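Asker: I have a structure I would like to understand better, so I am pasting it below and will then ask my questions one at a time.
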């Protein structure tokens, strides 16, 4: 599966006349990624979004006919193109939910997606066309199936952001830190579509529970988690996390976004007065014995989950790291079991360094003992093994 960075780079190599198709589950960020990332990479500032599902018939693509006089003076029929086709500068034409239009509409856009024109109307030179769809081969989607001729108009990419990519996006968007910390600690709760076939069992259980309670089943996705962050933002400004009535209303809103079960887990997470999370540990003025004991008791999966949150925190605060953060980082690493230390160094820290994450070198600069610890931890783990 290609990463979002790989998809973006691949799109840079494509000729402008070749349309792009992104296929992925609902709420995973396809449309926003096109607008916020792909348009910028192509140097396009004008984005036109068109929804085939809103088109009543082919006239919404071809335009409506009118009678005009030809050069010879005879009356002929000419089509008035729709407004979204009349552009004076290069644009990114985003065809959203492209497989939800009628067959007639899908057929009508075949010429458009093949070469950027329909009849006598051409998109300006340098324009790009991107379509987004929910897949027709999995998930409960009421969508049409494209035939091979329609599919051949596009270069296809499976759009499936990793949890880490989604968290990086959340950080860039300024999503509430409580949501970022929760997803870092509970990545499977981000979006069940990321965890085939695990999510299938979860979804079936939630559907059965909702049916028994005569409720509509709700499942988490990236788009709704971003909205959960907005709910918590609003609640924090209104004493909504401490006032009992308002707190209950926060929970009800979160239930409607990510489902009853996940909302209960998130609510419990918010209730922990001193939940161990990356921000709490790395910014602590004193690295307490409780911290040390917690990390000593961690098994490998729990340690990896916590360290995923550490990486997210480090990336978010890369430009403002201080000596305190570096020393706390060293202490939490030293508190873990030797074999876990080596695993985290080899599978998380060194890959982050090779990737170019600046926080790795900045920590070593702030606390030179960290670099020596890396070397010693790997040697000790090898000796113990």
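Here, each number is a calculation from the coordinates, and none is a lab measurement. Given the structure is predicted, the values throughout are model-derived calculations rather than measurements. Cβ placement follows ideal geometry from the backbone for every residue including glycine, while neighbour counts extend to all protein chains displayed.
Asker: What share of the DSSP beta bridges in the chain is antiparallel, in percent to the nearest 5?
Answerer: Numbers: 8 of 26 bridges.
So the antiparallel bridges amount to about 30 percent of the total.
Asker: What FRET efficiency do you get for residue 357 and residue 290 if R0 is 30 Å and r is their Cβ-Cβ distance, rounded to the nearest 0.05? Intermediate results must be reported in sequence, preceding the final value.
Answerer: On the way: r = 29 Å, r/R0 = 0.96.
E between residue 357 and residue 290, to the nearest 0.05, is 0.55.
Asker: What spacing in nm lies between the two simple spin-label points modelled at residue 208 and residue 110, each 7 Å away from Cα in the Cβ direction?
Answerer: 4.6 nm
Asker: Could I ask something else about it? In the set (1) 4, 19, 24, 22, 17, 9, 4, 1, 1, 0; (2) 5, 21, 29, 25, 14, 5, 1, 0; (3) 5, 23, 32, 27, 11, 2, 0, which value of P(r) over Cα pairs in 10 Å bins from 0, in percent was calculated from the structure you see?
Answerer: (1)
Asker: When 160, 151 are ordered from fewest to most other Cβ atoms inside 10 Å of their Cβ, what list results? Before the final figure, lay out the partial values.
Answerer: Details: 160 18, 151 11.
Listed from fewest to most nearby Cβ atoms, that is 151, 160.
Asker: Go ahead and run the numbers for FRET between residue 69 and residue 31, Cβ-Cβ distance against an R0 of 35 Å, rounding to 0.05.
Answerer: Working: r = 43 Å, r/R0 = 1.22.
Once rounded, the FRET efficiency stands at 0.25.
Asker: Let me ask you something else. Sort 280-286, 46-52 by the packing proxy (mean of other Cβ within 10 Å over each peptide's residues), most packed first. Spell out each step's value before the answer.
Answerer: Details: 280-286: 14.6, 46-52: 16.9.
My ranking of the peptides, most packed first, is 46-52, 280-286.
Asker: Residues in the range 319-336, backbone N under 11 Å from the label point at residue 380 (7 Å along the Cα-to-beta-carbon vector): list them, ranges by number please.
Answerer: Hits in the range 319-336 for residue 380 at 11 Å: 333-336.
Asker: Distance in nm between label sites at residue 280 and residue 45, each 7 Å beyond Cα in the beta-carbon direction?
Answerer: My value for the distance between the label points is 4.6 nm.
Asker: What fraction of the DSSP beta bridges in the range 3-143 is antiparallel, stated in percent and rounded to the nearest 5? Present the calculation step by step, with values, prior to reporting the outcome.
Answerer: Details: 8 of 21 bridges.
Roughly 40 percent of the beta bridges in the range 3-143 run antiparallel, per DSSP.
Asker: Quote to one decimal, in nm, the extra length available between residue 324 and residue 347 on full extension: 0.36 nm per residue of separation minus the C-alpha distance between them.
Answerer: Fully extending the segment from residue 324 to residue 347 adds 5.8 nm.
Asker: Between residue 215 and residue 2, 0.36 nm times their residue separation minus their Cα-Cα distance comes to what?
Answerer: Details: separation 213, 0.36 × 213 = 76.68 nm, distance 3.71 nm.
Residue separation times 0.36 nm, minus the Cα-Cα distance, leaves 73.0 nm.
Asker: Fully extended, how many nm does the chain gain between residue 147 and residue 305 (0.36 nm per residue separation, minus their Cα-Cα distance)? Can you show the working numbers first?
Answerer: Working: separation 158, 0.36 × 158 = 56.88 nm, distance 4.28 nm.
The residue 147-residue 305 span can extend by a further 52.6 nm.
Asker: Could you please rank 241, 190, 112, placing first whichever residue has the fewest other Cβ atoms within 10 Å of its Cβ?
Answerer: Working: 241 14, 190 26, 112 22.
Taking fewest neighbouring Cβ atoms as first place, the list is 241, 112, 190.
Asker: For the range 278-384, state what percent of all Cα-Cα pairs lands in each successive 10 Å bin, counting from 0 Å until the bin that includes the largest distance.
Answerer: Spelled out per bin, shortest first, that is 15, 52, 31, 2.
Asker: If you build a Gaussian network model of the chain, linking Cα atoms that sit under 10 Å apart, which residue out of 323, 230, 83 swings the most?
Answerer: 83
Asker: Now a separate question. How far apart, in nanometres, would the label points at residue 372 and residue 16 be if each is projected 7 angstrom from Cα along the Cα-to-Cβ direction?
Answerer: For residue 372 paired with residue 16, the spin-label model returns 5.9 nm.
Asker: For the chain, find the longest principal axis of its Cα atoms and tell me its angle to the long axis of helix 4-13, 0 to 90°, nearest 10.
Answerer: Roughly 40 degrees, rounded to the nearest 10.
Asker: Rank these for me by crowding, 136, 191, 201, going from fewest to most other beta carbons within 10 Å.
Answerer: Numbers: 136 14, 191 27, 201 11.
Ascending Cβ contact count within 10 Å gives the list 201, 136, 191.
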